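Worksheet: one structure, shown below.
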Amino acid sequence: MSLEKEYALDWIEDSKKLIIGISDKVWEFAELGLIEFKSSALLAEELAKHGFRVERGIAGMPTAFAATWGEGKPVIGIMGEYDALPGLSQKKVPLKEPLEHGKPGHGCGHNIHGTSGMAAAIAVRRAMEKHKLRGTIKFFGCPAEENFSGKVYMVRDGYFSDVDAVISHHPSSMNDVSLLSSLAVNSVKFHFLGKASHAGASPEQGRSALDAVELMNTGVNYLREHVMQDARIHYVIEKGGDQPNIVPSYARSWYYVRAPEREQLEFIYDWILDIAKGAATMTRTEVETEFLEGSYNVIPNRTISELIVKNMREIGLPRHSDEDLKFAEEIAKTIAPEMKIAQLRKSKRPGWERLVDKLIDDEVPDPWGEGEVSHGSTDVADVGWQAPTVEFSTATWVLGTPAHSWQAVAQNGVGIGHKSLIFAAKVMAATVIDLLTREEALNRARKENRQRIGNKTYKSPIPPERKPPLDAWEK
Ligand SMILES: [Zn+2]
């Protein structure tokens, strides 16, 4: 291992208490997307203490920030998230027990996500100074991954226009550097406006907005036969009227539309807009469309993924204490074996069968999944259309743990989570140093990114007039 890497990794090892303390604080804050005031401030202040120039409130979001150290090329970015999920409050115990009923919790481990990135950025900055490495390190504090695609606004406003490569880390039940793509997505609400009337005495005077919602859904359900296999369309009816004896004058549905490529998505999305208009015509109501968020599909990068895997193997997986393992075993008892198997199979990881009887993932496989699609969506994707970008995962949870579950919340705040955090910070720091010091690897990553994008162009999925929904939680 190079001296620069050793120096950076030593800082992380020596600063474990500080790093884990910050992650645990963010876990406790458990703030929702776009209102992560305490969490973003904590990370930004720590970076400032280490000499980073911090620009806060970027891209119209008070909790978004960029922290920069160094100057000139190359510019390597690290992303960190810190938003929690509603209703997932959970104590640090291996049985379901909310800390505070109905409150948010860190079910996706973004307390670790933000902190591993912050720690890596500081460690790299120290190695850069000590070993006189040229270039710039940039930490992006990225709000609202879970619901409002904060990064897509940051991309739209040009904050990723000068980066040469970007990495981030996500907690998971697996050590995972996959080449899977993801689904592009649009999230949209349809507001139907009709006319209220007494549903018994004068129904002929009314125009039902609920009829429109139902007819639109029926139309979309007929559309399903004619969309590609990997597309996904899902909806909820958020508002369907007040009571049966009033013809509903207002009704609302909320749709997610997903497909492997943006243009495939646009094709289906346009069709759905026509169906909404058709439903309005059929019911003599009106429809208003409210676009909420959208993102592109992930562009994988083999070059950076291979660097990450190499660093993971060199650094070595964390060792768990007896206490960690006991906690892990208790959590494992709450996960049905068939759920675990289904999840492992779905991961598409080659050799997943080997993991069925294991408690914690103890392998570091080669990057896998080239040419395949995972059926989720992420705003990390949009960054990958600006520069080569890889988000890798480390085993933070017992195998079989579903994301966004109470089990994940509990594990993100205890030993198994802490060890994954420190390991991930080291892997990220080492990989960023590779990208800063090995021009040929960085050039290869950039070339690969350009090749994978080919002649497609990136056009922000968010309409130009759309601002981040800062008041979303007040509604
Ligand atoms: Zn997440």
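The values are calculated or read from the model by the stated rules, or taken from the named source; none is laboratory data. It should be emphasised that the depicted structure is a prediction, and the values quoted were computed from it without experimental measurement. Every residue, glycine as well, gets a Cβ built from its backbone with ideal geometry; the counts of neighbours run over all protein chains shown. Surface accessibility is based on the protein's heavy atoms, side chains included, excluding ligands, DNA and RNA. Shrake-Rupley method; radii C 1.70, N 1.55, O 1.52, S 1.80 Å.
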**OP:** Kindly provide the set of residues from the stretch 79-96 that are crowded, with 21+ Cβ neighbours inside 10 Å, part of a loop (DSSP other than H, G, I, E, B) and of a type in the set (Gly, Ala, Ser), ordered by number.
**Re:** ALA84, SER89
**OP:** Please identify the pairs in which a residue from the stretch 163-174 that is more than 17 Å from VAL298 (Cβ to Cβ) and open to solvent by 10 Å² or more (accessible area, probe 1.4 Å) has its Cβ atom under 7 Å from the Cβ atom of a residue that is away from the ligand (no atom under 13 Å from the Cβ) and assigned to a strand (DSSP E or B), counting only partners at least 6 apart or on another chain.
**Re:** SER173/ALA395
Original post:
Inside the stretch 137-154, can you point out the residues that are away from the ligand (no atom under 13 Å from the Cβ), out of contact with any Leu (no Cβ under 8 Å at 6 or more places or on another chain) and open to solvent by less than 10 Å² (accessible area, probe 1.4 Å)?
Top reply: PHE140, VAL152, TYR153, MET154
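Please find, among ALA425, ALA403, the residue that is at pLDDT below 95 and under 30 Å from SER321 (Cβ atoms).
None of the others qualify; the one that does is ALA403.
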Original post:
Any residue at all in the stretch 129-145 that is in contact (Cβ under 8 Å) with a residue 24 or more places away in the chain and in a helix (DSSP H, G or I)?
Top reply: yes
Original post:
Is it the case that some residue within the stretch 115-129 is modelled with pLDDT of 95 or more and surrounded by fewer than 22 Cβ atoms within 10 Å (Cβ to Cβ)?
Top reply: yes
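Select, from GLU261, GLU238, GLU266, the only residue that is in contact with a Lys or Arg (Cβ under 6 Å, 6 or more places away or on another chain) and at negative phi.
GLU238
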Subject >> Among the candidates ALA328, ALA336, ALA387, ALA332, residue that is farther than 30 Å from LYS92 by Cα and modelled with pLDDT of 95 or more >> reply: ALA387
**OP:** Would you check if GLU4 is surrounded by fewer than 20 Cβ atoms within 10 Å (Cβ to Cβ) and either outside any helix (DSSP H, G or I) or touching a residue at least 40 places away in the same chain (Cβ under 8 Å) (or both)?
**Re:** no
Original post:
Within the stretch 170-190, which residues are among the aliphatic types (A, V, I, L, M), within 15 Å of the ligand (Cβ to nearest atom) and either modelled with pLDDT under 95 or assigned to a strand (DSSP E or B) (or both)?
Top reply: VAL185
Original post:
Can you tell me which residues in the stretch 242-251 are surrounded by fewer than 19 Cβ atoms within 10 Å (Cβ to Cβ) and not aromatic (Phe, Trp, Tyr)?
Top reply: ASP242, GLN243, PRO244, ASN245, ILE246
Original post:
If we only count helices (runs of 4 or more DSSP H) wholly inside the stretch 263-365, which ones have 1 or more residues that are open to solvent by less than 20 Å² (accessible area, probe 1.4 Å) and under 25 Å from GLU13 (Cβ atoms)?
Top reply: 302-315, 322-333
Original post:
Residue check: is ILE122 aliphatic (A, V, I, L, M), assigned to a helix (DSSP H, G or I) and within 16 Å of the ligand (Cβ to nearest atom)?
Top reply: no
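Inside the stretch 369-475, counting only helices (runs of 4 or more DSSP H) that do not spill past its ends, which hold 1 or more residues that are under 21 Å from the mean Cα position of the chain (by Cα) and crowded, with 24+ Cβ neighbours inside 10 Å? Spell out the reasoning first.
Details: elements: 380-384, 406-411, 415-437, 439-453.
Ranges flagged: 380-384, 406-411, 415-437.
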